[in-house]
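Taking it in order: structure first as structure tokens, then the write-up.
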Amino acid sequence: MSPTDTTLLVIDVQQGLDDNTPSHGGHRNNPQIEHTIPALLTLFRTRNLPIFHVKHNSRDPSSTLHPSHPGNAICSFALPSPSRPIDEPLYAKSVHSAFIGTSLEADLRARGITRLFVCGFTSNMCVNSTVRMAGNFGFEVFVVEDACATFDRVGPDGVRRRAEDVHAYAMSDLHGEFCTVIKASDVQGLLGN
């Protein structure tokens with residue numbers, strides 16, 4: 001595949017998910033995400049490849065991701081480039097999948113994009129939902145696991161699962177079924193020279 005059919009999809013890298021608030025589970029895995037995502041953005045920008053950004057606008061007024069809260073803002077390290085408005089569109093969603101209630105699928109297809117590299121928050125929720133749909137829509141999907149993160153979760157049995165485990169389970173569920181899970185260090189080689 002040629003690089004022109006490729007994009008980076010950055011999901012929900014928002015301040016309300018970056019702050020380790022107890023409402024999201026407190027402890028977060030992959031603390032290096034603040035360096036990994038900017039490195040991916042730089043790689044795609046220097047190759048003049050499109051980057052599709054997604055943010056979550058919660059319908060719940062008490063959520064840190066509600067548009068009325070500062071947590072709705074995109075983290076400074078993941079902001080769309082103002083100098084590339086056509087190549088870095090921003091989609092607002094109010095459900096887990098970036099494909100529901102947005103023109104994302106149509107816009108990807110209109111640009112001839114068939115291959116997605118995905119990063120963002122949270123591994124087991126919005127990243128997971130979006131990747132499953134992308135795979136079902138026939139896109140070739142690569143999830144950059146060290147550029148995704150999640151939080152501790154309490155299961156229906158009352159047991160707290162560590163973010164590292166929740167993330168690993170999410171990646172295991174996706175890999176080989178809906179996508180290929182890779183490391184950030186693999187991306188450049190997959191993009192080719």
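Descriptive notes on the structure:
- Net charge over other residues, Cβ less than 14 angstrom from the Cβ of Ser58 (K, R count +1; D, E count -1): +1
- Rounded if a/c under 1.5, otherwise prolate or oblate - the chain, Cα gyration tensor axes: prolate
- For the range 95-193, the square roots of the Cα gyration tensor eigenvalues, ordered a ≥ b ≥ c, give a/c of at least 1.5 with a/b no greater than b/c, which places it in the oblate category.
- Label separation (Val159 vs Gln32): 2.9 nm, computed from points 7 Å beyond Cα along the C-beta direction.
- Gain on full stretching of the segment that runs from Thr114 to Leu90 - 0.36 nm per residue minus C-alpha separation: 6.8 nm
- One way to sum up the overall shape of the range 74-127 is the equivalent ellipsoid from its Cα gyration tensor, whose semi-axes run 18, 17, 11 Å, largest first.
- Accessible surface of the chain [probe 1.4 Å, protein heavy atoms]: carbon and sulfur percent: 54 percent
- Amide N of the range 77-114 lying under 17 Å from the label point, which is placed 7 angstrom from the Cα of Glu177 along Cα→Cβ: 97
- A simple charge model with +1 on the Cβ of Lys and Arg, -1 on the Cβ of Asp and Glu and nothing else charged puts the dipole of the range 147-193 at about 140 debye relative to its Cα centre.
- DSSP beta bridges fully contained in the chain are about 15 percent antiparallel.
- Rounded to the nearest 10 degrees, the inclination of helix 33-46 to the longest alpha-carbon principal axis of the chain is 10 degrees.
- Difference of contour (0.36 nm per residue) and Cα-Cα distance, Asn57 to Thr42: 2.8 nm
- Value of D in µm² per second that Stokes-Einstein yields for the range 138-193, Kirkwood Rh from Cα pairs, at 10 °C (1.306 mPa s): 125 µm²/s
- Cα gyration tensor shape of the range 21-120, rounded if a/c is under 1.5, else prolate or oblate by comparing a/b with b/c: oblate
- Counted without the sites themselves, the longest stretch of the chain free of trypsin sites (Lys or Arg not before Pro) in a DSSP loop having at most 16 other beta carbon atoms within 10 Å is 60-110.
- Selected from Gly135, Leu65, Gly155, residue furthest toward positive end of dipole (the range 61-193; charges at beta carbon): Leu65
- In the chain, the longest principal axis of the Cα atoms and the axis of helix 163-174 are about 50 degrees apart.
- Of all DSSP-defined beta bridges confined to the range 101-177, some 25% are antiparallel rather than parallel.
The values are calculated or read from the model by the stated rules, or taken from the named source; none is laboratory data. Because the structure is a prediction, the values reported are computed rather than measured. Here Cβ is always computed from backbone atoms with ideal geometry, including for glycine, and neighbour counts include all displayed protein chains. What goes into the accessible areas is simple: the full protein's heavy atoms, side chains included, and nothing from ligands, DNA or RNA. Shrake-Rupley method; radii C 1.70, N 1.55, O 1.52, S 1.80 Å.
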